[in-house]
1. Are there any pairs with C-beta distances below 8 angstrom linking a residue in the range 93-117 that is assigned to a helix (DSSP H, G or I) to a residue that is among the acidic types (Asp, Glu), with the two at least 6 apart or on different chains, and if so which?
2. Write out, first by first residue and then by second, each pair whose Cβ atoms fall under 6 Å of each other, whose residues are 6+ apart or on separate chains, and whose first residue, in the range 136-147, is more than 12 Å from Thr102 (Cα to Cα) while the second is at pLDDT 95 or above and aliphatic (A, V, I, L, M).
3. Just one of (1) within 9 Å of ligand 1 (Cβ to nearest atom); (2) of a type outside the set (Phe, Trp, Tyr); (3) touching a Gly at 6+ places or on another chain (Cβ under 8 Å); (4) in a loop (DSSP other than H, G, I, E, B) trips up Gly129, so point out which.
4. May I ask you to list the residues in the range 118-135 that are touching a residue at least 12 places away in the same chain (Cβ under 8 Å) and either among the acidic types (Asp, Glu) or within 21 Å of Gly177 (Cβ to Cβ) (or both)?
5. If you take the residues of the range 56-70 that are open to solvent by 50 Å² or more (accessible area, probe 1.4 Å) and free of Cβ contacts under 8 Å to residues at least 24 places away in the same chain, which of them is farthest from ligand 1 (Cβ to nearest atom)?
6. Looking only at residues that are of a type outside the set (S, T, N, Q) and surrounded by 15 or more Cβ atoms within 10 Å (Cβ to Cβ) in the range 166-183, which one is nearest to ligand 2 (Cβ to nearest atom)?
7. So for the range 80-87 (the condition being over 24 Å from Asn36 (Cβ atoms), open to solvent by less than 30 Å² (accessible area, probe 1.4 Å) and either more than 12 Å from ligand 2 (Cβ to nearest atom) or not hydrophobic (A, V, I, L, M, F, W, C) (or both)), does at least one residue qualify?
8. Can you name every residue in the range 26-47 that is more than 22 Å from Val179 (Cα to Cα) and open to solvent by 40 Å² or more (accessible area, probe 1.4 Å)?
Amino acid sequence: MAAASAPKSPTPDHIHATHMSHALRLAKLSPPKPTNYCVGALLVSSTTNTVLSTGYTLELPGNTHAEQCCLLKLAAESGVSEERVGELELVRKEAGVVLYTTVEPCAERLSGQTPCVERITETRKAGAGIQRVYVGVKEPDTFVKANSGAQRLEAAGLEVVHVPGFEDEILKTATAGHVKEKG
Ligand code: HJL
Ligand code: ZN
């Protein structure tokens, strides 16, 4: 995973920090639960620096992930199904749509639902799609061991970039609903 300041990224570091702290504020809105992480995410047009959609874990009905909520909300606003987000003109044509998420997107879910990695790569079928994913922390090993989310995204041609500086607060927020071991 590249550092946010890697030369490939044309956006200054403080912009990444602003978006990651926005994602962290969203994560804090997620109702704590022992069986998942409280995560926040946003889709951004990096060419205009506009937030296209936001989401947090369990924001939408059902067992929804933050990244999934971002895509579902953008789809709903545009009157298409989630599978067709990649066909929206903005997502299809713009080569600057990026995702910020406090926790690395999932490649596997214990519930068996479609992992966010697949939802993200699906946006690239009809055109440019999501180009880059900025993550605050790698997924811890509590549920899925050695999540291969970043690896799978990179294999699909996306860049995965770590935005440093928020790790402690992101993990504290993500695990707020977990049963703490005594001792
Ligand atoms: C990310 C989320 C979220 C997780 N990860 N990136 N965004 N909740 O919004 C990953 C964790 C899964 C468990 C349980 N969490 O959530 O591995 O019940 O929450 O499908 O594997 O799976 P379900
Ligand atoms: Zn997920």
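1. Note: pairs meeting the criteria are Cys116/Glu67.
2. Between residues of the range 136-147 that are more than 12 Å from Thr102 (Cα to Cα) and residues that are at pLDDT 95 or above and aliphatic (A, V, I, L, M), the close pairs are Phe143/Leu110; Asn147/Ala107.
3. Status for Gly129: all satisfied but (1).
4. Correct list: Glu122, Val135.
5. Per the stated criteria, the residue is Pro61.
6. Taking the candidates together, the pick is Ala174.
7. Checked against the condition, which is being over 24 Å from Asn36 (Cβ atoms), open to solvent by less than 30 Å² (accessible area, probe 1.4 Å) and either more than 12 Å from ligand 2 (Cβ to nearest atom) or not hydrophobic (A, V, I, L, M, F, W, C) (or both), the range 80-87 yields at least one hit.
8. Listed by number, the residues that qualify are Ser46, Thr47.
The values are calculated or read from the model by the stated rules, or taken from the named source; none is laboratory data. Bear in mind the structure is a predicted one, so any value in this text is a computation, not a measurement. Glycine also receives a Cβ, built like all others from the backbone with ideal geometry; neighbour counts cover every protein chain displayed. Accessible surface is based on the protein model in full, side chains and every heavy atom, while ligands, DNA and RNA are left aside. Shrake-Rupley method; radii C 1.70, N 1.55, O 1.52, S 1.80 Å.
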